[in-house]
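The values are calculated or read from the model by the stated rules, or taken from the named source; none is laboratory data. Since we're looking at a predicted model, the values are computed, not measured. All Cβ positions, glycine included, derive from the backbone under ideal geometry; neighbour counts span all protein chains shown. Ligands, DNA and RNA are excluded from the accessible area calculation, which covers all protein heavy atoms including side chains. Shrake-Rupley method; radii C 1.70, N 1.55, O 1.52, S 1.80 Å.
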Amino acid sequence: MRIQNLVTLGVLIAGTNLVGCGSNDAGGTPANNRAGGNSGNTGGAGTTATGGTTNASTTGAKTGGSTGNPQGGAATGGNNPAGGAATGGNPNNPTGGSPGVGGNATGGLATGGANVGGNATGGKATGGANVGGNATGGLATGGANVGGAATGGSPNVGGAATGGKSSTGGGNTGGTSTNGGAATGGKSSGGGTGCSNTDASKINLDASGYVCGNTLGIKGAWYCYNDGSDSTTSCKGSDGKGAGAIPWNTTSGAMCLSGTMGTGTGSYAGIGFKVNSDPPGSTTTPGTWNASNLVGFAITLTSGASGRGTGGMILNIEYPTSTDLDTSTKDAPGITVPGVPGTGSITYNALFSDSVLANNKLQKHPVDPANLTDVKIAFFPDSISHTYDFCIKSIVPLTTAPSPVVATGAYGPTWNNQMPQAVNGVNGYAVQSAPFPTNGNPMTMQVNATASGVGFTYTTGSGYNAPNNGPGSFPAIISGWGPGHDGIQFYGPYKTAKQISALTSVKSSWSFTMGASGNAVYDLWFGNSAAPTVPNVELMIWIGNKDKDPLGTSKGDSAALNGRTPFVGTNGTGEQVVSYWVAKGTNGSPVSNFDVLAYVKDAATKGYAGLSNSSYMIGVQTGFEVYSGTWTTTDYNITIQ
């Protein structure tokens with residue numbers, strides 16, 4: 001690759017909704033109970049004198065009242081606000097009665113009935129459902145305590161236990177969860193909204209906008225965000241940027257996002273959910289969740305009703321944590337995927353181990369699963385706009401990596417981002433577009449998974465530019481360092497650079513078809529350290545050559561290795577480059593079990609471009625210097641040892 005111009009892309013601000021219901025004070029009434037999107041305290045106002053009548057309001061925002069007999073005295077003839085009779089006039093012992101909404105029973109016994117939203121302090125609830133209430137120091141026997149806060153007690157289903165234990169997936173502050181990771185920080189009180197999840201093995205998607213009821217204990221609010229410049233976005237919220245918005249689409253039965261992704265560095269948008277927060281609308285600070293028992297998530301995407309999908313745009317599936325964000329953009333490591341087709345669906349197995357800080361040439365951060373805060377999909381800006389309409393249909397936590405991670409065949413739809421991108425997580429490989437002009441280049445790219453590795457087809461578009469008598473792009477498959485010249489991420493299993501002296505084998509098989517003008521090469525990068533700021537030396541092994549000459553001066557035919565003549569010169573980014581060149585008109589494909597290391601050793605032994613056995617091989621990029629036409633890698637694999 002003669003020159004690579006990886007343009008720093010715009011700031012992707014991970015817009016965040018502060019999510020979750022207000023916490024329930026231990027032993028008190030809920031401070032802020034948002035149920036189904038409606039605010040207001042249930043079971044709040046109305047008091048009676050000792051032994052008097054319970055005031056009930058069936059039409060107001062505050063239904064029912066607290067009894068005026070906190071010490072268990074009888075209210076003869078009193079009203080039960082939900083329509084059930086209090087037999088004998090004793091609000092503390094409504095045996096077999098109808099549900100009481102909003103009543104407080106202090107020190108009393110509730111048998112058989114449902115106490116919804118009320119507070120039982122020191123009492124005993126036997127056989128009934130205590131939904132959304134607070135049990136302080138009390139015992140819930142046989143009944144379901146759904147979403148309530150128990151201080152010192154033991155909520156049975158889904159509630160938050162402060163100092164206690166949540167047996168089914170609840171968020172724990174200082175407690176334990178028997179079926180998932182520990183949640184740290186924040187407060188997930190359940191809020192009394194209950195949980196509509198019907199499949200505990202998945203992340204639920206429904207109109208509540210609240211992830212809950214799964215076996216792992218993940219609880220958090222769905223959100224969406226954007227830069228505020230897109231008037232067509234489905235994610236407007238209260239501020240035009242998605243504040244408070246729940247991206248549920250009833251027609252599609254999924255979490256959806258539509259709009260137009262603009263151009264320029266200030267463009268951004270995304271959709272995701274918190275993994276440890278209260279439901280939407282809360283002001284409680286979200287916390288982290290320990291995802292160390294997972295390897296990633298399987299995310300199924302489909303087009304929205306318009307059939308646009310992502311409009312040729314790639315997506316980033318990101319895993320923000322409290323420790324892995326880019327310090328300036330707040331972007332997070334993830335995998336870059338080819339987007340969403342206009343018809344059908346696509347499932348991406350997004351593994352933590354494949355995640356990198358895409359398009360970042362300054363920082364490298366792996367995913368820190370022990371401190372996960374979100375799972376989200378973000379967009380990168382491009383030099384052309386993309387109109388999109390897509391939905392998230394399913395999210396399944398992965399405890400083991402699927403084999404293969406990507407099934408044989410087309411990997412997602414064809415994409416056409418003009419700015420540099422690298423689709424990754426493809427069975428240990430990444431595939432880069434690597435345009436050289438500052439504003440990118442028009443093209444389309446289709447990535448394919450093969451039985452033994454990976455392939456792609458790259459087609460130049462109208463207005464494609466090959467500047468300065470050089471190639472216009474270098475679409476290639478990355479193992480290790482990349483993308484291009486300016487990337488500092490490591491893709492695939494080759495994550496730690498080795499000195500040439502430590503390499504024992506670099507073997508590859510590659511079948512391809514060349515386009516109208518250009519060449520096919522193995523492009524290797526070297527540094528004076530295992531993680532240089534920029535590479536020091538480039539080594540190109542030419543396999544096919546339509547019509548091009550190498551850079552630099554020939555070392556003579558007598559120095560040729562397996563018919564390839566070495567040239568040494570300087571590339572467009574200032575590094576010394578060694579080219580083992582083949583004559584014009586050479587097809588070259590296929591090569592099988594090709595010995596890449598033989599050329600590395602030859603160059604190091606002869607000191608070409610300052611290479612030596614102490615130089616570090618930081619990565620291999622195998623692809624095409626494209627001047628025009630359609631170029632295809634049918635199948636490719638490489639093993640570095």
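Annotations
- Applying the criterion of at least 2 residues that are open to solvent by 10 Å² or more (accessible area, probe 1.4 Å) and touching a Pro at 6+ places or on another chain (Cβ under 9 Å) to the strands (runs of 3 or more DSSP E) found wholly in segment 322-379 leaves 345-351.
- Residue count, segment 230-248 (criterion: in a loop (DSSP other than H, G, I, E, B) and under 15 Å from PHE273 (Cβ atoms)): 6
- ALA207 open to solvent by 10 Å² or more (accessible area, probe 1.4 Å), among the hydrophobic types (A, V, I, L, M, F, W, C), out of contact with any helix residue (DSSP H, G or I) (no Cβ under 9 Å at 6 or more places or on another chain) and touching a residue at least 12 places away in the same chain (Cβ under 8 Å): yes
- So VAL591, is it surrounded by fewer than 21 Cβ atoms within 10 Å (Cβ to Cβ), of a type in the set (A, V, I, L, M, F, W, C) and in contact (Cβ under 8 Å) with a residue 24 or more places away in the chain: yes
- Residues within segment 226-265 that are within 21 Å of the chain's Cα centre (by Cα) and not polar (S, T, N, Q), tallied: 17
- Filtering segment 458-476 to residues that are surrounded by fewer than 19 Cβ atoms within 10 Å (Cβ to Cβ) and not in a loop (DSSP other than H, G, I, E, B) leaves PRO467, ASN468, ASN469.
- Test: residue in segment 456-470 that is more than 17 Å from the chain's Cα centre (by Cα), over 30 Å from ASN276 (Cβ atoms) and without any contact (Cβ under 8 Å) to a residue 12 or more places away in the chain: yes
- Leading residue by the ranking (most open to solvent (accessible area, probe 1.4 Å)) among those in segment 238-248 that are among the small types (Gly, Ala, Ser) and either touching a residue at least 12 places away in the same chain (Cβ under 8 Å) or in contact with a Ser or Thr (Cβ under 7 Å, 6 or more places away or on another chain) (or both): GLY244
- Candidates ALA603, ALA598 - the one that is buried (at least 22 other Cβ atoms within 10 Å of the Cβ) and aliphatic (A, V, I, L, M): ALA603
- Candidates ALA200, ALA221 - the one that is outside any loop (DSSP other than H, G, I, E, B) and touching a residue at least 12 places away in the same chain (Cβ under 8 Å): ALA221
- Residue within segment 516-525 that is open to solvent by 10 Å² or more (accessible area, probe 1.4 Å) and small (Gly, Ala, Ser) present: yes
- Listed by first and then second residue, the pairs with beta-carbon distance under 6 Å, at least 6 apart or on different chains, first residue in segment 499-514 and touching a residue at least 12 places away in the same chain (Cβ under 8 Å), second open to solvent by less than 60 Å² (accessible area, probe 1.4 Å) and charged (D, E, K, R), are SER511/ASP635.
- Some residue of segment 249-268 being farther than 16 Å from ALA378 by Cα, touching a Pro at 6+ places or on another chain (Cβ under 8 Å) and crowded, with 24+ Cβ neighbours inside 10 Å: no
- Meets criteria (within 21 Å of THR450 (Cα to Cα), open to solvent by less than 10 Å² (accessible area, probe 1.4 Å) and either touching a residue at least 40 places away in the same chain (Cβ under 8 Å) or in contact with an Asp or Glu (Cβ under 6 Å, 6 or more places away or on another chain) (or both)) for GLY480: yes
- Test: GLY259 is in a strand (DSSP E or B) and either touching a helix residue (DSSP H, G or I) at 6+ places or on another chain (Cβ under 6 Å) or small (Gly, Ala, Ser) (or both): yes
- Taken over segment 578-602, the criterion of being in contact with a helix residue (DSSP H, G or I) (Cβ under 7 Å, 6 or more places away or on another chain) and under 23 Å from MET514 (Cα atoms) is satisfied by VAL578, TYR580.
- The set of residues from segment 206-255 being more than 23 Å from TYR268 (Cβ to Cβ) and of a type in the set (Phe, Trp, Tyr) comprises just one member, TYR210.
- Of all residues in segment 291-303, those that are in contact (Cβ under 8 Å) with a residue 40 or more places away in the chain and over 18 Å from GLY220 (Cα atoms) have Cβ atoms under 7 Å from Cβ atoms of residues that are part of a strand (DSSP E or B) and basic (Lys, Arg), 6 or more apart or on another chain, in THR300/LYS393; LEU301/LYS393; THR302/LYS393.
- Those residues of segment 380-400 which are open to solvent by 40 Å² or more (accessible area, probe 1.4 Å) and not in a strand (DSSP E or B), in sequence order: SER383, ILE384, SER385, THR399, THR400
- Across segment 292-312, the qualifying residues are those that are aliphatic (A, V, I, L, M) and farther than 20 Å from GLY270 by Cα, and the one among them that is most open to solvent (accessible area, probe 1.4 Å) is VAL295.
- Filter pass, TRP289 being open to solvent by 10 Å² or more (accessible area, probe 1.4 Å), modelled with pLDDT of 95 or more and closer than 20 Å to GLY209 by Cβ: no
- The set of residues in segment 462-512 that are among the β-branched types (Val, Ile, Thr) and modelled with pLDDT under 95 comprises ILE488, THR496.
- Matching residues in segment 327-350 - criterion: being more than 21 Å from ASP389 (Cα to Cα) and in contact with a Leu (Cβ under 6 Å, 6 or more places away or on another chain): THR329, ASP331, ALA332, PRO333
- Counting only residues that are at pLDDT 95 or above and among the small types (Gly, Ala, Ser), segment 356-377 holds 1 of them.
- Residues that are among the polar types (S, T, N, Q), open to solvent by 40 Å² or more (accessible area, probe 1.4 Å), under 20 Å from LYS507 (Cα atoms) and over 35 Å from the mean Cα position of the chain (by Cα) do occur in segment 553-570.
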